[in-house]
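In what follows, a structure is listed as structure tokens, so that the remarks can point back to it.
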Amino acid sequence: MSAYRNSTLSAATILSDSAGRWPDRIALVAGAERITYGSLWSSALRYAAVLRERGTGPGDRIGLLVTNSPHFPMAYFAILALGATAVPVNVLLKTDDIAYILRHSKARALVCSAESLGEAEPAAEAAGTPVLTVGAGEGHDPHPALDELAATAAPMAGPVPRAPGDIAVILYTSGTTGRPKGAAITHLNLVMNVATTMLSPFEMSSADVLLGCLPLSHTFGQICGMGTSFRAGARLVLMRRFTAEDALDLMETEGCTVLMGVPTMYFALVEAASRRPVRPRLERAYSGGAALPAHTLAAFEDGFGCPVYEGYGLTETSPCVAYNQRDWPRRPGTVGKPVWGVEVAVARPEAEDTVEPLPAGEVGEIVVRGHNLMAGYVDDPDATAAAFVAGWFRTGDLGTLDDEGYLTVVDRKKDVILRGGYNVYPREVEDALLRHPAVARVAVVGLPDPVHGQEVCAVVVPRDGLTPGAELADSLVAWGERHIAAYRRPRRVVFLDRLPLGSSGKVLKRELAELLRPTGDAGPPPP
């Protein structure tokens, strides 16, 4: 018998409850469109009715490859209301990756933005998945148009009851260490993470206006952004595609009070704002997805007149684990304290079959337990068993906890460079190099070395107007000699126009390492 016995809980309530409380309040802004909570929920129930008529129902998995548009929340909450499982797919993926997710998740249908059919259509055909489109416009689509059919459909009466442990969403990891894995997020995971983080750290209220610049297909934009916004009855201002200039315009014209973004967005906003005499005045901002350099945080706070709260989470943790929160002093460089109901420890990384907590200040693997832990990886019992030890989830990230419970993320366990018997944490080297006035972006990776095992290589994107070459490389090496311990400083410097980024804004270091790996007798690309 289920541990939840006769309990029911549907994550569709995140929207349905707000629609009942504030039917005439604006929930969503998308260009010229202003959509109320009542209208958004009514559309979701009509979408759900069409999906049911076309043969999908409770427990079925439905792919959702939809741009940042009103169609995303309409289809997302329709799937939840139907009692089915939403499988969001990043719209930037190519055909092979889309097909993999559809096959692996055993998706019964794919809801797809018409503009994404070029990659999605052959993927769906290869996976044998029927397609329904949104946003095509009348008479321009060979597939059934979900939005057009929903316009004349009778809405479902309400959400199908679900057990708290039923799977609400399958979120695929970024796949930086191989094929992406499907993290099974339950209705309890989703509701608890939204309800918890709405109160703290995000402190969302009905008076807030959130800039929706993160992709809704990703856990940060979907759960932290859309979820907490709708739960609070706030207003979500959607951006179809992020550009710093457009974001600044929207924040000003729509009176945005809150920003959630990844470090690459903060870099771009600081640079764009420096060229404008007037900047939007936010109340607060939240950073996640990767480490935010201290000087970027300070520049943003100075320019936008608001605090930036740094936090930490993973797809597998629904996603929030820890955040700087208003109730405690902010500590830039840390990711704050665990959110309500979540525990964090730092364990000895070499102990794989047990969790051995380390004393405060020692570097170890971050482990997590609480209401936020996924049910497991879809159809991957080995990966699930390896990830969970004694009730804790092993994150694969290295960090420290101080005496007051503040968590600092040091690096990914798999990114650590072993040079001459010493552990080199790339993030520490990156933080030092980012203080160099010529560096706009940097990623540090380890390259094979016959003497030291691995050598430290800095991959640098120079600031605009600077010419990469031997002189700049020498300047960076000299900077390293002054500011970085000898065993950690980079001996190689490589310049690129841009760094490869995943959907969450993280640098794809495995891709970088493969690009720079020597072949035959050839060394890495010259600086």
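Let me confirm something: among Val66, Val50, which residue is of a type outside the set (Ser, Thr, Tyr), surrounded by 20 or more Cβ atoms within 10 Å (Cβ to Cβ) and over 28 Å from the mean Cα position of the chain (by Cα)? Before you say what the answer is, go through the steps one by one.
Numbers: Val66 fails: over 28 Å from the mean Cα position of the chain (by Cα).
Answer to the selection: Val50.
Residues that are touching a residue at least 60 places away in the same chain (Cβ under 8 Å), crowded, with 16+ Cβ neighbours inside 10 Å and more than 23 Å from the chain's Cα centre (by Cα), at least 1 per element: which helices (runs of 4 or more DSSP H) completely within the stretch 411-520 meet that? Quick ask: steps written out before the conclusion?
Working: elements: 426-433, 470-483, 509-516.
Output list reads 426-433, 509-516.
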Checklist entry - Out of all the residues in the stretch 28-47, which are more than 18 Å from Ser229 (Cβ to Cβ) and either crowded, with 24+ Cβ neighbours inside 10 Å or touching a residue at least 60 places away in the same chain (Cβ under 8 Å) (or both)? => result Ser42, Leu45, Arg46, Tyr47
Next on the checklist: When you scan the stretch 399-407, do you find a residue that is in a loop (DSSP other than H, G, I, E, B), touching a strand residue (DSSP E or B) at 6+ places or on another chain (Cβ under 7 Å) and not hydrophobic (A, V, I, L, M, F, W, C), even just one?
Outcome noted: yes
Item to check | Number of positions in the stretch 282-296 that are touching a Phe, Trp or Tyr at 6+ places or on another chain (Cβ under 9 Å) and at pLDDT below 95 | outcome: 5
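Please work out if Val378 is crowded, with 21+ Cβ neighbours inside 10 Å, of a type outside the set (Phe, Trp, Tyr) and within 23 Å of the chain's Cα centre (by Cα). Break it down into steps so the answer makes sense when it comes.
Numbers: crowded, with 21+ Cβ neighbours inside 10 Å: yes; of a type outside the set (Phe, Trp, Tyr): yes; within 23 Å of the chain's Cα centre (by Cα): yes.
Yes, satisfied.
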Item to check | Unique match (being touching a residue at least 60 places away in the same chain (Cβ under 8 Å), touching a strand residue (DSSP E or B) at 6+ places or on another chain (Cβ under 8 Å), surrounded by fewer than 24 Cβ atoms within 10 Å (Cβ to Cβ) and within 13 Å of Thr197 (Cα to Cα)) among Gly333, Gly341 | outcome: Gly341
Checklist entry - In this structure, does Leu269 turn out to be at pLDDT 95 or above, in contact with a Cys (Cβ under 6 Å, 6 or more places away or on another chain) and farther than 27 Å from Asn423 by Cα? => result no
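For (1) more than 21 Å from Thr408 (Cβ to Cβ); (2) surrounded by fewer than 19 Cβ atoms within 10 Å (Cβ to Cβ), each residue gets a yes or a no:
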| position | (1), (2) |
| --- | --- |
| Gly288 | no, no |
| Pro293 | no, no |
| Arg326 | no, yes |
| Val368 | no, no |
| Leu373 | yes, no |
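Which residue is surrounded by the most Cβ atoms within 10 Å (Cβ to Cβ), if the candidates are limited to the stretch 100-126 and must be among the small types (Gly, Ala, Ser), touching a residue at least 24 places away in the same chain (Cβ under 8 Å) and out of contact with any Gly (no Cβ under 9 Å at 6 or more places or on another chain)? Write out each step before concluding.
From the stretch 100-126, those among the small types (Gly, Ala, Ser) are 105, 107, 109, 113-114, 116, 118, 120, 123-124, 126; that's our starting set.
Now narrow it down to the ones that are touching a residue at least 24 places away in the same chain (Cβ under 8 Å): 105, 107, 109, 113-114, 116, 120, 123-124, 126.
Restricting the remaining residues to those that are out of contact with any Gly (no Cβ under 9 Å at 6 or more places or on another chain) gives 116, 123, 126.
Values: Ser116: 20, Ala123: 28, Ala126: 15.
If we take residues in the stretch 100-126 being among the small types (Gly, Ala, Ser), touching a residue at least 24 places away in the same chain (Cβ under 8 Å) and out of contact with any Gly (no Cβ under 9 Å at 6 or more places or on another chain), then Ala123 is surrounded by the most Cβ atoms within 10 Å (Cβ to Cβ).
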Checklist entry - Applying the selection to the stretch 163-196, what residues are more than 15 Å from the chain's Cα centre (by Cα) and either closer than 19 Å to Trp340 by Cβ or without any contact (Cβ under 8 Å) to a residue 12 or more places away in the chain (or both)? => result Pro164, Gly178, Thr186, His187, Leu188, Asn189, Val191, Met192, Ala195, Thr196
Item to check | Subset of the stretch 11-27 [in contact with a helix residue (DSSP H, G or I) (Cβ under 6 Å, 6 or more places away or on another chain) and either in contact (Cβ under 8 Å) with a residue 24 or more places away in the chain or polar (S, T, N, Q) (or both)] | outcome: Ala11, Ala12, Ile14, Leu15, Ser16, Ser18, Trp22, Arg25, Ala27
Checklist entry - Within the bounds of the stretch 272-283, is there any residue that is surrounded by 22 or more Cβ atoms within 10 Å (Cβ to Cβ) and touching a residue at least 40 places away in the same chain (Cβ under 8 Å)? => result no
Checklist entry - Considering only the stretch 370-398, how many residues are within 20 Å of Leu188 (Cα to Cα) and either assigned to a strand (DSSP E or B) or assigned by TED's automatic domain parsing to the domain that holds Ala107 (or both)? => result 6
Checklist entry - Can you find even one residue in the stretch 89-99 that is surrounded by 24 or more Cβ atoms within 10 Å (Cβ to Cβ), modelled with pLDDT of 95 or more and within 16 Å of Val169 (Cα to Cα)? => result yes
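The values are calculated or read from the model by the stated rules, or taken from the named source; none is laboratory data. Predicted, not measured: the structure shown is a model, and the values here were computed from it. Cβ: placed from backbone, ideal geometry, glycine included. Neighbour counts: every protein chain shown.
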